[in-house]
Amino acid sequence: MADLHDRVRDRLRTVLDPETGRDLVAMGMIYAIDVQGGHVRVQMTTTTRGCPLADFLRLGVETALQSLEGVASVDVRLVWEPAWTPDRMEPVRAGA
């Protein structure tokens, strides 16, 4: 069984940015994942500070992780430092 941290990261790849259709990990919007036992804390951002989808994205992350086996609690924090830039995005893979 994969390490819980790795499974959390994989699950975060199922949460999509509705504007781009890319997952939040590929977008570089996940800044930190901290797993202590079954308690998961995620620091994430949005592409802009006043993003109208911020709560939607935060709730999407929370919901995705709450159903993951081994997760007892989830704390998702929105942060804006450092500011997100397109440089944080993973390169698009051929065929993706």
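The values are calculated or read from the model by the stated rules, or taken from the named source; none is laboratory data. All values derive from a computational prediction rather than experimental measurement. With ideal geometry, Cβ positions are generated from the backbone for all residues, glycine too; neighbour counts draw on all protein chains shown.
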* Are any residues in region 37-96 part of a helix (DSSP H, G or I), surrounded by fewer than 17 Cβ atoms within 10 Å (Cβ to Cβ) and touching an Asp or Glu at 6+ places or on another chain (Cβ under 9 Å), and if so, which ones? -> E62
* Taking the stated definitions as given, is V8 in contact (Cβ under 8 Å) with a residue 60 or more places away in the chain, in a helix (DSSP H, G or I) and touching a strand residue (DSSP E or B) at 6+ places or on another chain (Cβ under 7 Å)? -> yes
* Structure fact -> Expected output for region 68-91 (first residue within 17 Å of V25 (Cβ to Cβ), partner outside any loop (DSSP other than H, G, I, E, B) and of a type in the set (D, E, K, R), Cβ below 6 Å, 6+ apart or cross-chain) is L68/R11; V74/E62; V76/R58; V76/E62; L78/R58
* Give R22, R58, R13 a once-over and let me know the one that is touching a residue at least 24 places away in the same chain (Cβ under 8 Å) and either under 18 Å from M89 (Cα atoms) or within 14 Å of the chain's Cα centre (by Cα) (or both). => R22
* Asked: Got a number for residues in region 70-89 being more than 21 Å from L53 (Cα to Cα) and either in contact with a Gly (Cβ under 6 Å, 6 or more places away or on another chain) or modelled with pLDDT under 95 (or both)?
  -> 3
* **Total residues in region 58-67, condition among the small types (G, A, S) and farther than 15 Å from V25 by Cβ** => 1
* Matching option when the condition is touching a Phe, Trp or Tyr at 6+ places or on another chain (Cβ under 8 Å), in a loop (DSSP other than H, G, I, E, B) and of a type outside the set (D, E), among G28, G21 -> G28
